[in-house]
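Here's the structure, in structure tokens; my notes come after.
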Amino acid sequence: MPLLAGVGGTAQAPPGSMQEAEHTHITNALASACWVLEGPKGAAAMLGLNPSTLRSRMKRLGIQRPI
């Protein structure tokens, strides 16, 4: 499987599916925002999504805040 250059020139294996890529992207944004969904520094703003859209995608992908 060929490697793709990621941010900063690091090599990454391509994701297995579009859902896996979306899951990873949303989870990374949530972690960066300390699991804050709404507001100017929230994950929804980072992703350019309406907060309700982010919640529905999280539900569809089975993403839940870690305890």
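Taking every alpha-carbon pair in the stretch 16-61 and binning the separations at 10 Å intervals from zero gives 31, 59, 11, 0 percent.
Got the relative contact order for the stretch 12-67 handy, in percent, Cα pairs under 8 Å and 6 or more residues apart?
Values: 38 pairs, mean separation 14.8, N = 56.
For the stretch 12-67, the relative contact order is 26 percent.
Every number here is computed from the coordinates shown, using simple stated rules; none is lab data. Note that the structure is predicted; figures quoted are calculated from it, not measured.
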